[in-house]
Amino acid sequence: MKVNGTPYRSIWLHDNGWSVNIIDQTRLPHAFIIKTLKSMHAAAEAIRVMRVRGAPLIGATAAYGLALAMREDASDGNLSSASETLLATRPTAVNLRWALARMRQALAQLPASERVGKAYALAAGICDEDVAINYDIGRHALGVIRTLWQKKPAGCEAFHILTHCNAGWLATVDWGTALSAIYQAWDAGIPVHVWVDETRPRNQGAALTAWELLAHGIPHDVIVDNAGGHLMQHGLVDMCITGTDRTARNGDVCNKIGTYLKALAAHDNDVPFYVALPGPTIDWQMLDGVSGIPIEQRAASEVTHVGGKNSAGEIETVQITPDGTSACNYAFDVTPARLVTGLFTERGVCDASETGLLSLYPEQQGPAE
Ligand code: MRU
């Protein structure tokens, strides 16, 4: 997508042909900084501290991280230890495991001398594939959005979509998942307005989704995380669309903390609640999302402190809790499939259920391994 008129992806190979450029998302929305990753450890740090984040982008960064590792030392030992280091960076988004397994499987079969070139080619392939997948997610979602928009009484001025966290192009390599649907609806002439949950504690909605929508010229309002229920009760939300970091075989979806509460409110108010996801986000071995998906817990300081721009234009962090108060920081929650109206995937739209998923991914038939 474009930043000040220039097209960008969220990750790309540096002109030198080996190091990897990312947009440092910890600096948005107040500064647009491109950071160059020159080692596997730099890629791991970027994932861990969330310079890059969002399930698909975490996977793509890990893939390039493994390419950087192969450049450093293409031995079997380093293939194994670098994969483990990268895998340990964040536990919830399954795209990380998926990308590393795909790379490792292909690289392990090659002599060390052929691994570097192959690793870079595979990482580039994962990125290109992600862009195509996300475009297709939005294309399929557009049909549902158009139908819902056409059902609104004549004279309505806007179609209101609520989203949580950032499931935009910054969370993927390009387009996004939930926001791909929103971009394509807007570009098709549907007068979309987006309710953007701020998404405490790291404020991915307020900082990143708002920044993306502003750049694309899409009307939006940032709301506090607890506003969604009120808006739905008063008929001010036509549809919710979120992303997911891991989708279980039974259609349960794990996404940023607070998604479950939005799904409950949507269910109570008959608001359609859709989740947009690329195939690599499905964990076919995970039979039950609520009981099985590992939920990341992050530092308490993300809850006790907030960062932002002060009136002098300087970035600063302030403490919002009393000295000595402890805090607990679960980063994700799981929305049970029964609360999800449908799933937007690159292969089409399906029910949030094993049957629904298998109708689009029949190659996954058979018992989970
Ligand atoms: O902690 P984050 O910012 O990595 O969480 C990201 C999300 O929860 C997104 O909604 C999810 O990755 C799906 S976006 C394609």
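Table for the structure above
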read-out	value
Overall form of segment 2-128 per C-alpha gyration tensor (a/c, 1.5; a/b vs b/c)	prolate
Accessible area of segment 204-359 belonging to carbon and sulfur atoms, whole % at 1.4 Å probe	51 percent
Segment 84-126 - percent of accessible surface contributed by carbon and sulfur, probe 1.4 Å	57 percent
Efficiency of FRET between D323 and D15 - r from beta-carbon atoms, R0 41 angstrom, step 0.05	0.25
Cα-centre dipole for segment 213-271 with unit charges at Cβ (Lys and Arg positive, Asp and Glu negative), debye to 20	240 debye
Charged-residue dipole, Cβ positions (Lys, Arg, Asp, Glu), the chain about Cα centre, Debye nearest 20	380 debye
For the chain, with +1 on Lys and Arg beta carbons and -1 on Asp and Glu, the positive-most of F159, A248, S81 along the dipole	S81
Listed residues G217, T304, A206: farthest to the positive end of the dipole of segment 140-364 (Cβ charges)	G217
Hz values of 3J(HN,Hα) by residue in segment 23-34 - Karplus curve (6.51, -1.76, 1.60), Gly and Pro given as x	8, 6, 6, 6, 9, 7, x, 8, 9, 9, 10, 8
Per-pair calculated FRET efficiency, R0 = 41 Å: A154 and S301 via Cβ, rounded to 0.05	0.20
Heavy-atom surface of segment 5-72, accessible at 1.4 Å and reported per residue (Å²)	36 Å²
Gain in span if fully extended, Y330 to H30, counting 0.36 nm per residue against the direct Cα distance	105.4 nm
Phi to ³J(HN,Hα) by Karplus 6.51 cos²θ - 1.76 cosθ + 1.60 over segment 247-255, Hz, x for Gly, Pro	10, 7, 4, 8, x, 5, 10, 9, 9
Relative contact order of the chain, pairs being alpha-carbon contacts under 8 Å that are 6 or more residues apart, as %	15 percent
Solvent-accessible heavy-atom area per residue, rounded to whole Å², over segment 78-136 at 1.4 Å	42 Å²
Helical segments meeting 24 Å axial Cα length and Kyte-Doolittle -1.0 threshold in the chain (DSSP H)	55-72, 115-151
Helix-only [θ]222 nm of the chain, DSSP H runs n ≥ 4, -39500 (n - 2.57) each, per residue, nearest 500	-11500 deg cm²/dmol
Built amide H within the under 5 Å cut-off of Y8, gap 5+	K2, V3
Options T341, G292, Y260, ranked by Cα towards positive dipole end of segment 246-359, top entry (Cβ charges)	T341
Heavy atoms of F344 accessible to a 1.4 Å probe, total area in Å² rounded to 10	0 Å²
Nonlocal amide H pairs with V192, under 5 Å, H built at 1.01 Å	F159
Accessible surface ranking that places the most exposed of V340, V318 first, with a 1.4 angstrom probe	V318, V340
Solvent exposure of segment 187-231 as accessible area per residue, Å², 1.4 Å probe	37 Å²
Cβ-based net charge around Q25, under 9 Å, with every Lys or Arg adding one and every Asp or Glu removing one	+2
Rounded accessible area of H14 (nearest 10 Å², 1.4 Å probe)	60 Å²
Cut-off under 5 Å, modelled amide H: who pairs with S19 long-range	H14
Rounded if a/c under 1.5, otherwise prolate or oblate - segment 140-364, Cα gyration tensor axes	oblate
Whole-Hz couplings from phi, Karplus 6.51/-1.76/1.60, listed for segment 157-173; x for Gly and Pro	8, 8, 10, 8, 10, 9, 10, 10, 6, 10, 10, x, 5, 5, 8, 10, 8
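The values are calculated or read from the model by the stated rules, or taken from the named source; none is laboratory data. From a predicted model like this one, the values you see are computed outputs, not experimental measurements. With ideal geometry, Cβ positions are generated from the backbone for all residues, glycine too; neighbour counts draw on all protein chains shown. Note: areas computed on protein heavy atoms with side chains; ligands, DNA, RNA excluded. Shrake-Rupley method; radii C 1.70, N 1.55, O 1.52, S 1.80 Å.
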